[in-house]
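J.: Could you have a look at this structure, given as structure tokens, before my questions?
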Amino acid sequence: MRHLYTAVIFGRGGPMLSHLCAATPAVYIFWITMAQVAGQEDREKTTALKDLLSRIDLDELMKKDEPPFTFPKTLQEFEYAFNDYGQLRHIKTGEPFVFNAREDLHRWNQKRYEALGEIITQYVYELLEKKYNMTKEILPVDAKDDEPTSFIYLSPDALPNPSKLLMLIQGSGVVRAGQWARRLIINQDLDSGTQIPFITRAMEEGYGVMVLNPNENYLEVEKPAKSSPLPSPTEPSDEPAEKRERKDDKEGKKKREFYEKYRNPQKETETERIPIRENSSSEEHVLYVWDHFVSKAEAKNVFIVAHSYGGLSFVELMNQREMQVKSRVCAVALTDSAHNIWLQETSKGTQDWMQQHCCNWVSSPEPLDTPLDPMLPDCPRVSAGTERHELTSWMSFNSIFRFFNEVLEVKEDEEAEETLNTVTTRSSSLKNRHQDL
């Protein structure tokens, strides 16, 4: 338009030139009007597109063609089994577990993984009960028939053992009694992912054993179905009813056509959590087990292994039962502990005690047992020989029991020396009396 207009202005023909010059304002007005109309249409399209995109749930897009959440109930039905090395392998192919059983269905694969994890939890419970003859103790100890409960596992001599007692406290998350890390159990082996090696070694060395369960904090139940609310009255509109109905039908059809591609009929069940009395958190659980079991045990020397958040729960126990812990606990092995003595407001006495009786094996590229700079004035920090948080307990396994034995030897030597000094003092006193007589 602009090029044609310029050619006419500078071409030949006087009358035509005058006529077009007179029409110049009208041409400009026409061009501006057309541009405004086109811009308005573009804005309307953009607004409509934004509105449509705002209604899209990305989770819904991932549910396209998603199979039902129905999974096997046993390892055998899953066609997996643990071999002689404690590794999870497919029964037919001998291959390790494959997470992405179905491509582009991450949510379904995750649900399948969680279903397998629940089966493995029961598998570990069976090992504790049948292979290690451990008993399940229900919490709270005075639980009523209709209230939610938790439990811990005790070795047969956990309470009557007069010498040594070992407490095992895992970190937070989905892991339950007897586990350090579900991922390791599934992808590596039972030794690295469970507490079984610690239980075996402890029993061989004469410890009673308590396996705590700090993540069993609530009972999850299905929410009752909600009644559909009555539709609220809509605001009256000045738009004619017939036109409004056609508009609503058109928009509704567009929405149905769009969502039909990504709709998923299955929905996850809505649940609610009922807390377990006096065990609704890891900290509460550790304190409860101390008050109702450890304090009643006969062992003179209590030892603790606490991983990750379990370390925080132990420090909280010290805050609540400082004098009892100091008098009963011989040594504490922490593995990549999540505790913080400043945030948890521990006393100076607790900090001094931790420096003498605790050691924290942390994730680090340094070789195993390499001393590391202390970040806080509490327990010494050494390398666990791995940079993987979940592996720190297994990698420091031998070092932990060596640490326990060394601390116990020092304590027994001090007690023997103290006893000898007491006997010598008494003998000297009796001798002096005899001479006086």
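J.: For segment 271-311, which residues satisfy the criterion of being touching a Ser or Thr at 6+ places or on another chain (Cβ under 7 Å), open to solvent by 30 Å² or more (accessible area, probe 1.4 Å) and closer than 17 Å to Thr346 by Cα?
T.: Hits for segment 271-311 are Glu283, Tyr309.
J.: Take Lys164 and tell me if it is at pLDDT below 95 and either under 30 Å from Ser327 (Cα atoms) or open to solvent by 10 Å² or more (accessible area, probe 1.4 Å) (or both).
T.: no
J.: Out of everything in segment 321-360 that is farther than 17 Å from Pro380 by Cα and within 25 Å of the chain's Cα centre (by Cα), what residue ends up being least open to solvent (accessible area, probe 1.4 Å)?
T.: Only one residue fits best here, namely Gln344.
J.: Does segment 407-421 include one or more residues that are over 26 Å from Ile196 (Cβ atoms), open to solvent by less than 40 Å² (accessible area, probe 1.4 Å) and at pLDDT below 95?
T.: no
J.: Looking only at segment 80-112, count every residue that is open to solvent by less than 30 Å² (accessible area, probe 1.4 Å) and under 19 Å from Ser192 (Cα atoms) and tell me the total.
T.: 4
J.: Which of the residues spanning segment 131-150 are in contact (Cβ under 8 Å) with a residue 40 or more places away in the chain and on the phi > 0 side of the Ramachandran plot?
T.: Listed by number, the list is empty, since nothing qualifies.
J.: So how many residues does segment 361-382 have that are of a type in the set (A, V, I, L, M), at pLDDT 95 or above, open to solvent by 40 Å² or more (accessible area, probe 1.4 Å) and within 25 Å of the chain's Cα centre (by Cα)?
T.: Residues in segment 361-382 being of a type in the set (A, V, I, L, M), at pLDDT 95 or above, open to solvent by 40 Å² or more (accessible area, probe 1.4 Å) and within 25 Å of the chain's Cα centre (by Cα): 0 in total.
J.: Sort out which residues of segment 124-140 are in a helix (DSSP H, G or I) and open to solvent by less than 10 Å² (accessible area, probe 1.4 Å), and write them in order of number.
T.: Val124, Leu128
J.: Let me ask another. List pairs: first residue in segment 310-326 and closer than 10 Å to Leu287 by Cβ and without any contact (Cβ under 8 Å) to a residue 40 or more places away in the chain, second residue open to solvent by 10 Å² or more (accessible area, probe 1.4 Å) and part of a helix (DSSP H, G or I) anywhere in the structure, Cβ distance under 8 angstrom, at least six positions apart or on different chains.
T.: Once the first residue is closer than 10 Å to Leu287 by Cβ and without any contact (Cβ under 8 Å) to a residue 40 or more places away in the chain and sits in segment 310-326, its partners that are open to solvent by 10 Å² or more (accessible area, probe 1.4 Å) and part of a helix (DSSP H, G or I) give Glu316/Glu283; Glu316/Leu287; Leu317/Glu283; Leu317/Leu287; Gln320/Leu287; Arg321/Leu287; Arg321/Asp291.
J.: Turning to a different aspect of this structure: Can we say Cys379 is assigned to a strand (DSSP E or B), within 16 Å of Gly310 (Cα to Cα) and hydrophobic (A, V, I, L, M, F, W, C)?
T.: In short, no.
J.: Then there is this: Looking at Glu268, Glu260, which is the one that is acidic (Asp, Glu), modelled with pLDDT under 95 and under 25 Å from the mean Cα position of the chain (by Cα)?
T.: Within the list Glu268, Glu260, the selection yields Glu268.
The rows are residues; the columns are (1) open to solvent by less than 20 Å² (accessible area, probe 1.4 Å); (2) modelled with pLDDT of 95 or more; (3) touching a Phe, Trp or Tyr at 6+ places or on another chain (Cβ under 8 Å).
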| residue | (1), (2), (3) |
| --- | --- |
| Gly171 | yes, yes, yes |
| Gln179 | yes, yes, no |
| Leu184 | yes, yes, yes |
| Gln188 | no, yes, no |
| Glu205 | no, yes, yes |
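J.: Go through Arg433, Arg402, Arg426 for me and flag whichever is at pLDDT 90 or above and open to solvent by 30 Å² or more (accessible area, probe 1.4 Å).
T.: It is Arg402.
J.: Right, something else. Just to check your reading of the model, which residue among Ala115, Ala143, Ala158 is outside any helix (DSSP H, G or I), of a type outside the set (Ser, Thr, Tyr) and either over 24 Å from Tyr207 (Cα atoms) or open to solvent by 80 Å² or more (accessible area, probe 1.4 Å) (or both)? Lay out the reasoning, then the answer.
T.: Numbers: Ala115 fails: outside any helix (DSSP H, G or I); Ala158 fails: either over 24 Å from Tyr207 (Cα atoms) or open to solvent by 80 Å² or more (accessible area, probe 1.4 Å) (or both).
After applying the criteria, what remains is Ala143.
The values are calculated or read from the model by the stated rules, or taken from the named source; none is laboratory data. Values in this document were obtained by computation on a predicted structure and should not be read as measured data. Backbone-built Cβ (ideal geometry, glycine too); neighbour counts: all protein chains shown. We work out accessible area using only protein heavy atoms, side chains counted, and drop any ligands, DNA or RNA first. Shrake-Rupley method; radii C 1.70, N 1.55, O 1.52, S 1.80 Å.
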